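The values are calculated or read from the model by the stated rules, or taken from the named source; none is laboratory data. None of the values given here were measured: they were computed from a predicted structure. Glycine gets a Cβ as well: all are built from the backbone with ideal geometry, and neighbour counts include every protein chain shown.
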Amino acid sequence: MLAPMSRTSPLSGDATRASSSRRWWTLTTVALAQLMVVLDSTVVNIALPAAQADLGFSDGDRQWIITAYSLAFGSLLLLGGRISDLIGRKRTFIVGLIGFALASALGGAADSFGLLVFARALQGAFGALLAPTALAVLTTTFTVPKERARAFGVFGAIAGAGGAIGLLLGGFLTEYASWRWNLYINVVIAVVAIAGAAVFVSHITRTGPRPKLDVPGTVLVSAALFSLVYGFSNAENEGWGSPLTWGFLVAAVVLLTAFVLWQRRAEHPLLPMSIVLDRNRGAAYSSVTIAGAGMFGIFLFVTYYLQTSLGYTPTQTGLAFLPMIGMLVLAAQLSTNIFVPRFGPKIMVPFGMTLGVIGMLLLTRLDLDSGYAGDVLPALMVLGFGMGSIMPASIQTATLGVDREHAGVASAMVNTSQQVGGSIGTALLNTLAATATANYLIDSTSTTGAVAAEAAVAGYATAYWWGAGFFAVGAVIAALLFRRRAPQAPDEETRAGISTETGPVAVPA
């Protein structure tokens, strides 16, 4: 009788190495898709003036180029995550990539304002399908704790840096090509990602009966998220005194309450309450929401400051964010490979939030005479390291220990948290900044251009102070909610939902 093959035989080693290599190529594919979705929330911003001049739409209409995307994206995220659970990750991932590419091509070729808005809404819808599926693919592909940490470090860095990369890419394409290439570039990225997905993303065989889609829950939460995002978007544009703003926000609260009540009794809930009620995952979702609010504030007001106060071009503005991206990537890798395994999210997330407070306070010192190297750069580097400490630890914790059949919707909650945080942060900070600017002008005895510029900087400073407050609250919440990390034995890791096998994943999706 032949002896059993040794676990350390050359064949076994080659198979393990091939499996590991496939997983890292899967990460590359997922990272491309995530980058495309995240940067698209900012890459179009810099192109707006050129698009407006080309298509001839009004200042009042231009907000819809941004809002159409965020409304579709934010309101359909949980549905997108659930669809990936129901019909399979690979199929959903490729459909999302193809749809996003076609919508981007349509937007790039748009010859009217209406067609451009429609294309942006389509982008948002397919982005809502793609973003949670990408994270779910990562969650079910990387099951070895050490590899999982590295993979989520890369993913977290992209999630945090994508907005800044969008500013850089948008400035370059707008200045040296055309505003339309801010949309066409997605087609190029998607083609590469589709090829990678077809080759490297594994089909996972489902066992047991296929669960049904929770239609009432889907309608309730989609309407609630639409109302929430629209309410804050309307506050940003029309102010907090608008009845429409409060009408949508109240509707969001009512619909969310009805959704939670329905989820407790639904046979096949869209979002099982155990996912969000877990203490660690609740802390992670809260941290992503707060970090999202702070990050959108950073990009929005620092971009305005660099371009309108210091006179930077779009390309120079994008380049100014590069050191922040570098620090974010560095911190993400250090955190996931060294600090999070040693200290856990209970230490690292509050640490990153504290750095966020410090970075925002440094930004409050900026004035019309400030320089980049001595004033702007240190703040951006501190903020970059802070975000690199928050995002990977939070995203990894948010999907840890979730049953595989719920990986898509748990991943969607990460994206939903970031989207809601960004909407809230942008609306609140922009309103506060505008109010501070108006008060400065009222109190001033002069209305010269110099005074207007000083008023704008005063408004930005107010936003930075409030941003520091966001991060401070986030530090306290994270410190209180995250559980203390206790070392786990391999069998304990398996019981917690982390498989220690090194072979391909062959479990129910």
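Observations
- Gly311 falls short on exactly one of the conditions (1) in contact (Cβ under 8 Å) with a residue 60 or more places away in the chain; (2) on the phi > 0 side of the Ramachandran plot; (3) not acidic (Asp, Glu), and that condition is (1).
- When residues of the stretch 251-287 are limited to those that are over 25 Å from Gly388 (Cα atoms) and of a type in the set (D, E, K, R), the one surrounded by the most Cβ atoms within 10 Å (Cβ to Cβ): Arg264
- One residue stands out among those in the stretch 60-102 that are touching a His at 6+ places or on another chain (Cβ under 8 Å) and part of a helix (DSSP H, G or I): the one that is nearest to Phe259 (Cα to Cα), which is Asp85.
- Failed condition for Val409, given (1) over 24 Å from Trp246 (Cα atoms); (2) in contact with a helix residue (DSSP H, G or I) (Cβ under 6 Å, 6 or more places away or on another chain); (3) free of Cβ contacts under 8 Å to residues at least 40 places away in the same chain; (4) of a type in the set (A, V, I, L, M, F, W, C): (3)
- For the stretch 252-267, the set of residues classified as aliphatic (A, V, I, L, M) and under 25 Å from the mean Cα position of the chain (by Cα) consists of Ala252, Val253, Leu255, Leu256, Val260, listed by residue number.
- Of all residues in the stretch 318-359, those being free of Cβ contacts under 8 Å to residues at least 12 places away in the same chain and over 23 Å from Lys146 (Cα atoms) number 0.
- Out of Phe339, Phe351, one residue alone is assigned to a helix (DSSP H, G or I), among the aromatic types (Phe, Trp, Tyr) and modelled with pLDDT under 90. It is Phe339.
- Residue within the stretch 315-336 that is over 21 Å from Thr42 (Cβ atoms), assigned to a helix (DSSP H, G or I), among the aliphatic types (A, V, I, L, M) and touching a Phe, Trp or Tyr at 6+ places or on another chain (Cβ under 6 Å) present: no
- Only one of the listed residues (Gly282, Gly292) is touching a residue at least 24 places away in the same chain (Cβ under 8 Å), in a helix (DSSP H, G or I), out of contact with any strand residue (DSSP E or B) (no Cβ under 7 Å at 6 or more places or on another chain) and more than 16 Å from Gly166 (Cβ to Cβ). That residue is Gly282.
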